[in-house]
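J.: Attaching a single structure in structure tokens format; questions to follow.
The values are calculated or read from the model by the stated rules, or taken from the named source; none is laboratory data. Nothing here was measured: the structure is a model prediction, and the numbers come from that model. As a convention, Cβ positions derive from the backbone with ideal geometry for all residues, glycine included, and neighbour counts pool all protein chains shown. Keep in mind that these areas ignore ligands, DNA and RNA; they rest on the heavy atoms of the full protein, side chains included. Shrake-Rupley method; radii C 1.70, N 1.55, O 1.52, S 1.80 Å.
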Amino acid sequence: MEIHELSSYWCEPLLSFLAVLEKHYEFGMFHPHAFDRATVERLAREPRQDFYCVLTDAGSVLAYGMLRGWDAGFEIPSLGIAVHPDARRLGLARALMHFLHTCALRRGSEKVRLRVHHKNISAIALYRNLGYCFDTAEGDLLVGLLDLGDRIEG
Ligand SMILES: CC(C)(COP(=O)(O)OP(=O)(O)OC[C@H]1O[C@@H](n2cnc3c(N)ncnc32)[C@H](O)[C@@H]1OP(=O)(O)O)[C@@H](O)C(=O)NCCC(=O)NCCS
């Protein structure tokens, strides 16, 4: 397995992955951007500080992750993640989260935030296990914050 920054090469496999999520009606839980070709190709093509990556095996995308917010001028990036329904409960989300946390640290951010639907039990369990605190909510979404300094020292 490998992790790659999103590039034109990975657009087609990522579109197939997003189509599977859509088929499983999971865009309600995970919908960081439109899932259409034009959007994915734009994300892959345009230079940016925000970071989009795919975890792949034999040319297929098993997981998709991102850190966003730097392009908009925020110091704390927002993390997003999804794993292919056929590849869950194998630790891939946990592995990709650790990778994204280290990416954030290397880019100078000491905290990461995320928003998760209050009914998304599996994602909330994942985030709590990794040390995220959920002190605020925005409507149906819980807002999680992780202090990466704490994680490194702890
Ligand atoms: C949430 C999601 C990313 C988890 O991916 P995963 O690869 O299956 O997770 P992992 O195997 O790395 O599991 C790590 C931890 O997450 C939690 N977890 C994952 N799936 C779970 C489930 N079905 N029920 C309860 N806890 C779960 C557990 O705490 C687990 O640790 P454990 O195995 O020691 O119990 C995946 O279910 C997914 O892609 N869901 C749809 C998209 C989504 O909701 N993304 C998050 C948007 S905020």
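J.: So, of the residues in the range 117-154 that are out of contact with any Leu (no Cβ under 8 Å at 6 or more places or on another chain) and part of a loop (DSSP other than H, G, I, E, B), which turns out to be nearest to the ligand (Cβ to nearest atom)?
T.: N120
J.: Identify, by number, the condition in (1) open to solvent by less than 70 Å² (accessible area, probe 1.4 Å); (2) within 15 Å of the chain's Cα centre (by Cα); (3) touching a residue at least 40 places away in the same chain (Cβ under 8 Å) that E5 doesn't meet.
T.: It fails just one condition, (1).
Conditions tested, residue by residue: (1) among the β-branched types (V, I, T); (2) more than 19 Å from R115 (Cα to Cα); (3) open to solvent by 70 Å² or more (accessible area, probe 1.4 Å); (4) under 16 Å from the mean Cα position of the chain (by Cα).
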{"position": "L14", "(1), (2), (3), (4)": "no, yes, no, yes"}
{"position": "H31", "(1), (2), (3), (4)": "no, no, yes, yes"}
{"position": "Y52", "(1), (2), (3), (4)": "no, no, no, yes"}
{"position": "G59", "(1), (2), (3), (4)": "no, yes, no, no"}
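J.: Taking the range 100-116, which residues are more than 7 Å from the ligand (Cβ to nearest atom), open to solvent by less than 70 Å² (accessible area, probe 1.4 Å) and not in a loop (DSSP other than H, G, I, E, B)?
T.: Of everything in the range 100-116, those that are more than 7 Å from the ligand (Cβ to nearest atom), open to solvent by less than 70 Å² (accessible area, probe 1.4 Å) and not in a loop (DSSP other than H, G, I, E, B) turn out to be L100, H101, C103, A104, L105, V112, R113.
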